[in-house]
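Q: Sharing a structure below in structure tokens format, with a few things to ask.
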Amino acid sequence: MRIGVIYFSYEGNCRLIAEQINAVVQGDVLALQLEEHKPRKGLAKYVWGGRQVVLNQRPALKPYTFDSTAYDLIIIGTPVWAGSPAPALDAFLEQTRIAGKKLALFCCCAGGKGKVFDKLKKRLPGNTFVGEIAFINPLKQDTEALVSKIRLWIEEIAG
Ligand SMILES: Cc1cc2nc3c(=O)[nH]c(=O)nc-3n(C[C@H](O)[C@H](O)[C@H](O)COP(=O)(O)O)c2cc1C
């Protein structure tokens, strides 16, 4: 099975999950990157990111190539921002056609994933969803527990 993993990560949590997933599935990874990636902390981070969500903005992404026809299964991951996918992921989904595919979704959040999976599914019509999984700030979690959670999930969706 050919597997592609696509994710956006602002602070490294989704990156960690994508890397651990790919250590199991040995597929291709596309890390979406902001054209201007400026690290922000505390309130400034929430104001900047929350504003993007509320105003439905689409930040510019660094150029990438992605051909969904190359994969049998595509795993897509995003941080949860104000109960939504990060706008960087929305920007990708608007620019890139993914239809008629088997998809699995993951998200990282601080505790409230909201309706992020429902929202992602609405942005990806015409696909089949085979699984979804949420992680709470995995950079702060025990790696061994994380790895076994990921292994079990991969067995479910691609075993
Ligand atoms: C702008 C912004 C909004 C956020 N909104 C939420 C939220 O609604 N619910 C939640 O549980 N976590 C929220 N978080 C926390 C992140 O989802 C969480 O820290 C996640 O693990 C970050 O993933 P990353 O390190 O890959 O960027 C928010 C973080 C940011 C920066």
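Q: Quick check on the stretch 147-154. Is at least one of its residues away from the ligand (no atom under 13 Å from the Cβ), surrounded by 15 or more Cβ atoms within 10 Å (Cβ to Cβ) and within 26 Å of residue 56 (Cβ to Cβ)?
A: There is no residue in the stretch 147-154 that is away from the ligand (no atom under 13 Å from the Cβ), surrounded by 15 or more Cβ atoms within 10 Å (Cβ to Cβ) and within 26 Å of residue 56 (Cβ to Cβ).
Q: In the stretch 1-36, which residues are polar (S, T, N, Q) and either within 15 Å of the ligand (Cβ to nearest atom) or on the phi < 0 side of the Ramachandran plot (or both)?
A: 9, 13, 20, 22, 33
Q: Could you go through the stretch 119-131 and let me know if any residue there is assigned to a strand (DSSP E or B), within 22 Å of residue 26 (Cβ to Cβ), more than 10 Å from the ligand (Cβ to nearest atom) and touching a strand residue (DSSP E or B) at 6+ places or on another chain (Cβ under 8 Å).
A: Checked against the condition, which is being assigned to a strand (DSSP E or B), within 22 Å of residue 26 (Cβ to Cβ), more than 10 Å from the ligand (Cβ to nearest atom) and touching a strand residue (DSSP E or B) at 6+ places or on another chain (Cβ under 8 Å), the stretch 119-131 yields at least one hit.
Q: Out of the stretch 48-92, which residues are surrounded by fewer than 19 Cβ atoms within 10 Å (Cβ to Cβ), outside any loop (DSSP other than H, G, I, E, B) and either touching a residue at least 24 places away in the same chain (Cβ under 8 Å) or not aromatic (Phe, Trp, Tyr) (or both)?
A: 50, 51, 53, 54, 61, 68, 69, 70
Q: Output the residue which, of all residues in the stretch 1-18 that are aromatic (Phe, Trp, Tyr) and buried (at least 22 other Cβ atoms within 10 Å of the Cβ), is farthest from residue 101 (Cα to Cα).
A: Per the stated criteria, the residue is 8.
Q: Collect the residues in the stretch 22-42 that are outside any loop (DSSP other than H, G, I, E, B) and modelled with pLDDT of 95 or more, keeping them in residue-number order.
A: 22, 23, 24, 25, 28, 29, 30, 31, 32, 34
Q: Please go through the stretch 105-118 and give me each residue that is more than 10 Å from the ligand (Cβ to nearest atom), within 13 Å of the chain's Cα centre (by Cα) and either under 16 Å from residue 10 (Cα atoms) or not hydrophobic (A, V, I, L, M, F, W, C) (or both), ordered by number.
A: Result: 106, single match.
The values are calculated or read from the model by the stated rules, or taken from the named source; none is laboratory data. Please read all numbers here as calculations on a predicted model, not as lab measurements. Note that we place each Cβ from the backbone using ideal geometry, even for glycine, and neighbour counts take in every protein chain shown.
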